[in-house]
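The values are calculated or read from the model by the stated rules, or taken from the named source; none is laboratory data. This is a predicted model, so every value here is computed, not measured. Virtual Cβ from ideal backbone geometry, glycine too; neighbours counted across all protein chains shown. With ligands, DNA and RNA removed, areas are computed over all heavy atoms of the protein, side chains included. Shrake-Rupley method; radii C 1.70, N 1.55, O 1.52, S 1.80 Å.
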Amino acid sequence: MALVHLSLKGVSRITNEIDAGLIELVTDDGQTQLSIVCDGSMILQFGFRLAKFPIRSKLLPEVMWRAFGEGWNMSLHILFADFIDGEYIVYMKNEQTKQSWPIRASDAVLFSLIANVPVFAELSLVEDYGAPVDSSGKGVTMPLKLLPTEMLRQALQKAIDKEDYEQASQLNDELKKREMKESNNRGFS
């Protein structure tokens, strides 16, 4: 199993009516990034930590880490293992005990920031779902396959409303791929 180390590049709010944001993780060579869609409340949580607000030391995750977890930090890491049905499959792993716990991707990155725990991803995941880093600073490159289905539907409706039929076609194609995959999976149940 080949692993790639990832670092937090940035967090940003998606600029439209959807209360969501993007967490960007970048490979050590700075060439490839994984983007994680998260809800707006998670963007707020990252904001507290990244802006280094004094209150952050009294927030529950930080207090819990200091009270119960600091002795683990040498053996813990986060692993992005797969991407299934529009969701990253992520684990917090303890190398000493060989235990692992499933964790939501955005929570895993937040925990990594709080506890200074390294983040890794399967090389195949980075190859399949990573995107080139946009060094112009004008935006974030994110494959459509990373967007949650509901967000795709909302974006499709907006593209139709704006008469952007090229964008609407791309979004519709991605939705059809998911529907076909879902119906195929149901056939095997």
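Rank 67, 89, 50 by how far each Cα sits towards the positive end of the charge dipole of the stretch 1-100 (+1 on Lys, Arg Cβ; -1 on Asp, Glu Cβ) and give me just the farthest.
67
Of the listed values (1) 75; (2) 60; (3) 49, identify the label whose number matches percent of Cα pairs over 20 Å apart calculated from this model.
Of the labelled values, this structure produces (2).
Just to be sure I understand the model, the point goes 7 Å from the Cα along the line to the Cβ. What's the resulting residue 7 to residue 150 distance in nm?
Going by the 7 Å Cα→Cβ label model, 3.5 nm.
Any idea how far apart residue 63 and residue 161 come out in nm if each label point goes 7 Å out from Cα toward Cβ?
4.1
Between the helical axis of 40-50 and the dominant principal axis of the chain, each derived from Cα atoms, what acute angle in degrees is found, rounded to the nearest 10?
Tilt relative to the chain: about 40 degrees.
Among 112, 10, 25, which residue has its Cα furthest toward the positive end of the charge dipole of the chain, with +1 on Lys/Arg Cβ and -1 on Asp/Glu Cβ?
112
Tell me the net charge near residue 133. Cut-off is 11 Å between Cβ atoms, residue 133 excluded, with +1 for each Lys or Arg and -1 for each Asp or Glu. Spell out each step's value before the answer.
On the way: positive: 9; negative: 24, 29, 134.
That sum, taken over residues with Cβ under 11 Å, equals -2.
How high is the relative contact order of the stretch 33-108? Use alpha-carbon pairs under 8 Å, at least six apart in sequence, and give a whole percent. Intermediate results must be reported in sequence, preceding the final value.
On the way: 68 pairs, mean separation 16.7, N = 76.
22 percent.
Checking the table 9/93; 52/93; 98/177 against a 30 Å threshold on Cα-Cα, which pairs fail?
On the way: 9/93 22 Å; 52/93 27 Å; 98/177 37 Å.
Checking Cα-Cα distances, 98/177 exceed 30 Å.
What number, in percent, do you get for the relative contact order of the chain if the mean sequence gap of Cα pairs under 8 Å and at least 6 apart is divided by its residue count?
Values: 277 pairs, mean separation 38.4, N = 189.
Rounded, it is 20 percent for the chain.
Whenever you get a sec, line up 19, 134 from highest to lowest accessible area (probe 1.4 Å, protein heavy atoms).
Numbers: 19 105, 134 45 Å².
Largest to smallest exposure gives the sequence 19, 134.
Give the ranking of 145, 58, 93 by solvent-accessible surface, highest area first, calculated with a 1.4 Å probe.
Values: 145 75, 58 165, 93 55 Å².
If we order 145, 58, 93 from most to least accessible, we get 58, 145, 93.
How would 65, 101 line up by accessible area, probe 1.4 Å, largest first? Walk me through the intermediate numbers first.
Details: 65 30, 101 80 Å².
Correct descending sequence by accessible area is 101, 65.
Roughly how many nanometres apart are two label points built 7 Å out from the Cα toward the Cβ at residue 134 and residue 107?
3.0
Per 0.36 nm of contour for each residue apart, how much would the distance between residue 169 and residue 31 grow if the chain were fully extended, relative to their Cα-Cα spacing?
Details: separation 138, 0.36 × 138 = 49.68 nm, distance 2.88 nm.
That pair, residue 169 and residue 31, stretches by 46.8 nm at full extension.
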